[in-house]
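Shown below is the structure under consideration.
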Amino acid sequence: MQPPRVLIDATRIQQRVDELAAEITSASRGLDELTLLVVLKGGFMFAADLARRIDIPSRIEFITLASYGDVTKRGDIRLVANIGTSLEGRHVLIVDDIVDTGYTLAYLNRTVAAHSPAGVWRCVLLNKASRREADLTVEYIGFEIDDVWVAGYGMDHAGLWRSLPYIGTVDDC
Ligand code: IMP
Ligand code: MG
């Protein structure tokens with residue numbers, strides 16, 4: 001199986017993560033703490049890099065989602081593991097790998113809102129704006145990409161390639 005072809009190399013990713021973390025840090029000035037809600041599995045690598053660069057005391061929480069159906073067709077969202085604590089009164093930054101149709105992020109917005117947080121912001125590494133179906137605000141976006149299937153840096157193609165340090169395109173999609 002051919003590894004994904006480089007779309008965004010590791011150096012560019014790290015530069016952009018630095019910039020995002022600096023923006024988030026300065027926007028969070030005045031807050032005592034932040035809670036990063038990391039969406040697994042795809043958000044794990046981005047969130048690990050981002051969290052280490054955000055210069056404000058942070059809690060890290062996780063939610064694991066999966067979609068029904070195959071790798072390219074987005075079906076209904078399946079909650080695999082829920083948030084393990086209450087987010088009431090917290091300043092929550094949702095951290096995910098990619099926003100595509102937006103249904104996942106819309107689901108997360110509803111889920112987090114049910115906790116009565118003090119505030120909610122969203123940060124995704126990649127945006128496929130041309131595919132958007134749900135009406136969403138995303139405050140922090142790493143890169144805009146075309147409608148191509150990508151893998152690496154946390155993201156998978158049929159379960160593979162999450163461990164790559166770069167983001168690449170997958171041929172047979
Ligand atoms: P949405 O609900 O359509 O916005 O899909 C978002 C989720 O689908 C992301 O959090 C990813 O987990 C997954 N996804 C969408 N596009 C890709 C891709 O190109 N590669 C890997 N995962 C993707
Ligand atoms: Mg995801």
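The values are calculated or read from the model by the stated rules, or taken from the named source; none is laboratory data. This is a predicted model, so every value here is computed, not measured. Quick reminder, even Gly has a Cβ in these numbers, built from the backbone with ideal geometry, and neighbours come from all protein chains shown.
Regarding the range 78-91, can at least one residue be identified that is surrounded by 14 or more Cβ atoms within 10 Å (Cβ to Cβ) and closer than 22 Å to residue 145 by Cβ?
Step one: of the range 78-91, the residues surrounded by 14 or more Cβ atoms within 10 Å (Cβ to Cβ) are 83, 87, 90-91.
Within this subset, residues satisfying the condition of being closer than 22 Å to residue 145 by Cβ are none.
No, the range 78-91 contains no residue that is surrounded by 14 or more Cβ atoms within 10 Å (Cβ to Cβ) and closer than 22 Å to residue 145 by Cβ.
Please work out if residue 94 is of a type in the set (Val, Ile, Thr), within 11 Å of ligand 1 (Cβ to nearest atom) and under 23 Å from residue 116 (Cα atoms). Quick ask: steps written out before the conclusion?
Working: of a type in the set (Val, Ile, Thr): yes; within 11 Å of ligand 1 (Cβ to nearest atom): yes; under 23 Å from residue 116 (Cα atoms): yes.
The answer is yes for residue 94.
Under the condition of being in a loop (DSSP other than H, G, I, E, B) and closer than 22 Å to residue 167 by Cβ, which residue from the range 86-113 is nearest to ligand 2 (Cβ to nearest atom)?
So in the range 86-113, the residues in a loop (DSSP other than H, G, I, E, B) come out as 86-90, 100-102.
Now drop any that are not closer than 22 Å to residue 167 by Cβ, which leaves 100-102.
Details: 100: 9, 101: 12, 102: 12 Å.
If we take residues in the range 86-113 being in a loop (DSSP other than H, G, I, E, B) and closer than 22 Å to residue 167 by Cβ, then 100 is nearest to ligand 2 (Cβ to nearest atom).
Next up: Out of the residues in the range 38-62 meeting the condition of being closer than 18 Å to residue 153 by Cα and part of a strand (DSSP E or B), tell me which one is nearest to ligand 1 (Cβ to nearest atom).
Taking the range 38-62 as the starting set, the residues that turn out to be closer than 18 Å to residue 153 by Cα are 38-53, 62.
Those still in the list that are part of a strand (DSSP E or B) too: 38-40, 62.
Details: 38: 11, 39: 6, 40: 9, 62: 14 Å.
The residue in question is 39.
Name the residue, out of 74, 78, that is of a type outside the set (Ser, Thr, Tyr), in a loop (DSSP other than H, G, I, E, B) and at pLDDT below 95.
Selected residue: 74, the only one of 74, 78 that is of a type outside the set (Ser, Thr, Tyr), in a loop (DSSP other than H, G, I, E, B) and at pLDDT below 95.
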